[in-house]
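The values are calculated or read from the model by the stated rules, or taken from the named source; none is laboratory data. Computed from a predicted structure; not experimentally measured. Ideal geometry is used to build each Cβ from the backbone, glycine not excepted, and the neighbour counts take in all protein chains shown. Areas reflect the complete protein model, heavy atoms only, side chains present, ligands, DNA and RNA absent. Shrake-Rupley method; radii C 1.70, N 1.55, O 1.52, S 1.80 Å.
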Amino acid sequence: MTQLRYLAARVIDEVTDGHSLTDCLEAQLASIHHVRDRSLIQAMCYGVCRFYSRLDIILSYLLKKPLKTKDSDIHALLLIGLYQLMEMRVPPHAAVAETVNATDKFKKPWARGLVNAVLREYLRQSDEIQEKIKEEEEAFYAHPAWWIEAIRTAWPAHWQHILEANNSHPSFALRVNQQHLGREKYLGSVSAHIMPQTQQGIILEIPTSIDKLPGFSAGDVSVQDGAAQLAAELMELKSKLRVLDACAAPGGKLTHMLEIEPSLLMVAVDKEPARISSIKENLLRLKLKASCICQDVSKVEAWWDKQLFDRILLDAPCSASGVVRRHPDIKLLRQPSDIKSLAKEQLHLLTSLWPLLKPGGLLLYVTCSIFLEENVEVVRQFIASHADAQEDIIHADWGLACTYGRQILPGMHEMDGFYYARLKKL
């Protein structure tokens, strides 16, 4: 058990140094083979990332002076300890003892007494501390101050709900393959309920591992959030249309489009070889076909064959501010300056791909962001500078209507936060 706290602290230390939680966890879990142990490490790491701002402020109450930069590993271990005491069902004496013992792995003998004292002090003051954090927004909402202000500015009527949703656990949503069976039939094999805003989406009542999902290996279902499932449904697909999925990995929206209309002439582009591999794996499992190209999609001259597309799906790189509950490290990794640079890249992608669309064709612009700068503002700028671009208004019973497009906020309809805008070429 001591080893598990040590590994979890190493993960958190790496994340706070700017690395992805997914990548760091994958590296550390490679040596852990028991499912229960892997689950414990994941729970601690996701939990600390989810409530990092709160835990860090509480730790500042308990430390007489901040730890030195070179002791960021001990700082991470203290956060692991606090999270166990605050949010997990680990008996307090076990949480303290195992976290204290983990200091030996870092070969910093002085830290043993400090960790023991801090965690025991928290247990003595926990009631007072819980009251104290109500007075600090960063601690209470467990978000960096700039996140709170940006969300409050963008969504004044919804900001508190968004922050609360970001700290919750995401739904486990599936997409039933309509080429194989209807979702009502699949519901007979699992405990789940329908997502009424989608055509093939369901949500499992109890999350389970992929290898235990009935029919997964046979291609009967895929794991995909309900909001992401709306993309293919908004594309107005017809037989043998030529379709571009730009920034296509890992291929969820791509394969969904092919499930709806297998005759599509589908081209998938992504610039990372590993991501292209993930697309091919999904295509193979679902027995679907698409032309996969490993290139930067914005460098059109490097990959385009000069044949225009009837439909283009642009799931643009973004802040991922709508999927924080699924990837809580985003709150730590994203910086305020990122939003402006991402919006610039998004507009560049739109402008680069627009000439590839046939007159009368549709381009669906998608992000998993909730920030207006990446969504409505990008579309507004694009339409203002392209006389042949017109919004094709999305009429739907989900999300919120915006000046351009529609926005789903985190937790709305049991979905992640997504933005959609559909453009028609005149």
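Selection over segment 256-271 of residues that are under 19 Å from the mean Cα position of the chain (by Cα) and not in a strand (DSSP E or B) gives a count of 1.
Please work out which one of (1) in a helix (DSSP H, G or I); (2) on the phi < 0 side of the Ramachandran plot; (3) not hydrophobic (A, V, I, L, M, F, W, C) is the condition His413 fails and give its number. Going through (1) in a helix (DSSP H, G or I); (2) on the phi < 0 side of the Ramachandran plot; (3) not hydrophobic (A, V, I, L, M, F, W, C) one by one, His413 breaks only (2). When the criteria are applied in full, Trp398 fails the requirement of being aromatic (Phe, Trp, Tyr), closer than 23 Å to Asp296 by Cβ and either buried (at least 18 other Cβ atoms within 10 Å of the Cβ) or modelled with pLDDT of 95 or more (or both). When segment 334-344 is examined, which residues are found to be under 29 Å from Asp305 (Cα atoms) and within 19 Å of the chain's Cα centre (by Cα)? Those that are under 29 Å from Asp305 (Cα atoms) and within 19 Å of the chain's Cα centre (by Cα): Leu342, Ala343. Picking from residues in segment 137-166 that are of a type in the set (Val, Ile, Thr) and in contact (Cβ under 8 Å) with a residue 40 or more places away in the chain, the one that is farthest from Asp338 (Cα to Cα) is Ile162.
Scanning segment 237-272 for residues that are open to solvent by 10 Å² or more (accessible area, probe 1.4 Å), without any contact (Cβ under 8 Å) to a residue 60 or more places away in the chain and β-branched (Val, Ile, Thr) yields a single hit, Val267. Residue-level analysis places Tyr6 among those that are out of contact with any strand residue (DSSP E or B) (no Cβ under 8 Å at 6 or more places or on another chain), surrounded by 15 or more Cβ atoms within 10 Å (Cβ to Cβ) and farther than 22 Å from Ala142 by Cβ. The set of residues in segment 190-202 being buried (at least 21 other Cβ atoms within 10 Å of the Cβ) and closer than 17 Å to Met412 by Cβ consists of Met195, Thr198, Gly201.
Among strands (runs of 3 or more DSSP E) entirely within segment 273-372, having at least 3 residues that are within 30 Å of Phe51 (Cα to Cα), open to solvent by 20 Å² or more (accessible area, probe 1.4 Å) and free of Cβ contacts under 8 Å to residues at least 60 places away in the same chain singles out no element at all.
Scanning segment 172-189 for residues that are in a loop (DSSP other than H, G, I, E, B) and buried (at least 20 other Cβ atoms within 10 Å of the Cβ) yields a single hit, Asn177.
Out of segment 32-55, which residues are in contact (Cβ under 8 Å) with a residue 12 or more places away in the chain and of a type in the set (S, T, N, Q)? If the condition is that a residue be in contact (Cβ under 8 Å) with a residue 12 or more places away in the chain and of a type in the set (S, T, N, Q), then Gln42, Ser53 are the ones that fit.
Does Asp17 qualify as being assigned to a helix (DSSP H, G or I) and open to solvent by 10 Å² or more (accessible area, probe 1.4 Å)? No, not satisfied. The set of residues in segment 5-39 being among the hydrophobic types (A, V, I, L, M, F, W, C) and at pLDDT below 95 consists of Ala27, Leu29, Ala30, Ile32, Val35. A count restricted to segment 203-220 and to residues that are touching a strand residue (DSSP E or B) at 6+ places or on another chain (Cβ under 7 Å), surrounded by fewer than 13 Cβ atoms within 10 Å (Cβ to Cβ) and modelled with pLDDT of 95 or more stands at 1.
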